[in-house]
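What follows is a set of notes on a single structure, which appears directly below.
The values are calculated or read from the model by the stated rules, or taken from the named source; none is laboratory data. Please read these numbers as outputs of a predicted model, since none were measured by experiment. Heads up, the Cβs are rebuilt from the backbone with ideal geometry, glycines too, and the neighbour counts pull from every protein chain shown. When the accessible area is computed, the model is the full protein with side chains, heavy atoms only, and any ligands, DNA or RNA have been set aside. Shrake-Rupley method; radii C 1.70, N 1.55, O 1.52, S 1.80 Å.
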Amino acid sequence: MRIRALVNRIVLQLARDKRTLALLFMAPLLILTLMHFLFTSNDVPSRLGVEGVSSGMIEQWKSNELELISFPKTNDIKKTIIDNELDGYLVVNGDTMTLTVENTDPSRSKMLRAKIQQALFGNLAGTSEIETKYVYGSENTSFFDVLSPILVGFFVFFFVFLISGIGLLRERMTGTLERLLSTPIQRWEIVFGYLIGYGLFAIIQTIIVVTYAVNVLDMVLVGSIWHVLVINGLIALVALSLGILLSSFASSEFQMIQFIPLVIVPQVFFTGIIPVNGMPEWLQGLSKVMPISYGADALKSIMYKGYGLSDVKLDVFVLLGFAIVFILLNIVALKKYRKN
């Protein structure tokens, strides 16, 4: 009887909480649907620039899942690869072949080299071994070297989002926020107060995470650590304002945690771990509204490619834009808690 009473209480409690039930049943379906489209995306052919290769041979190679683009002699292969978004550039000069790979995805670079060797098999029997050069990284670059900048930004985003969201929720549940709103204080002053208060700890957390990742774990860092800190600070600001905003729509810590599969998990898929180019167009459009995708792109460009802030200014401005929009929405959202 006691067990039945306990079961009845839990069932009735959950049945009355329509928001929890909706998240419980719909969130897994949404995530599974997203993963289905992501992992059944079409492979994107490797884009290879070629120099000194006959037109007849180019026609033969096109059957090897290679998109070939013929170039006249160029003096700056790295610039040609970046400007034309190529995966690699092959120069054939007599019996000598030199392949320069972009190498932002080491597995894709190895696949490109394998495709070239397969295409060459039987066509250039007397050709010597292919000399390989790298625009970014080296032959020892691993997948984790490319993934690590993304992870640094993601974990800063995740923990700042969670702590700020639950922190403000507690302020509401304990009545602190209500008492604050009963005073003459303006709503924007409350929002900025919370942002600065939580932001100080977010900055400390960012410094600890970046310093530990670079100096202890020896993660790759080609660019400036100060630029990495600036980008991570922007990521933390976006996560902070987003966490506080979403906490306005949660009535318990349990509901706040339920936002994770809806808000945080989808962002992981758009950080660059899975190539966006192979996704359906509507998913590529969805990636444009994921703040972490811009943060991950900026961190990868600085830590792995050695770019500066001026090279990632688009990502910086978009992150700032997200933060401003979330802060304005926070000021509006506080209106419903102020009693006239």
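A compact table of results
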{"read-out": "Subset tally (residues that are within 21 Å of Pro45 (Cα to Cα) and surrounded by fewer than 20 Cβ atoms within 10 Å (Cβ to Cβ)) for segment 93-102", "value": "1"}
{"read-out": "Matching option when the condition is closer than 28 Å to Ser46 by Cα, assigned to a helix (DSSP H, G or I) and either under 13 Å from the mean Cα position of the chain (by Cα) or not small (Gly, Ala, Ser) (or both), among Gln284, Gln255", "value": "Gln284"}
{"read-out": "Top-ranked residue in segment 160-199 [being among the charged types (D, E, K, R) and touching a helix residue (DSSP H, G or I) at 6+ places or on another chain (Cβ under 9 Å); ranked as farthest from Ala236 (Cα to Cα)]", "value": "Glu178"}
{"read-out": "Yes/no for Tyr294 being in a helix (DSSP H, G or I) and either open to solvent by 10 Å² or more (accessible area, probe 1.4 Å) or modelled with pLDDT of 95 or more (or both)", "value": "yes"}
{"read-out": "Search result, residues across segment 5-57 that are modelled with pLDDT of 75 or more, in contact with a Ser or Thr (Cβ under 8 Å, 6 or more places away or on another chain) and in a helix (DSSP H, G or I)", "value": "Leu14, Ser55"}
{"read-out": "Cβ-Cβ under 7 Å pairs, at least 6 apart or on other chains, segment 189-214 side free of Cβ contacts under 8 Å to residues at least 60 places away in the same chain, far side of a type outside the set (A, V, I, L, M) and assigned to a helix (DSSP H, G or I)", "value": "Tyr198/Ser164; Tyr198/Gly167; Ile203/Gly233; Gln205/Phe159; Thr206/Asn232; Thr206/Gly233; Val209/Phe155; Val210/Asn232"}
{"read-out": "Test: residue in segment 64-75 that is in a loop (DSSP other than H, G, I, E, B), exposed (fewer than 15 other Cβ atoms within 10 Å of the Cβ) and in contact (Cβ under 8 Å) with a residue 24 or more places away in the chain", "value": "no"}
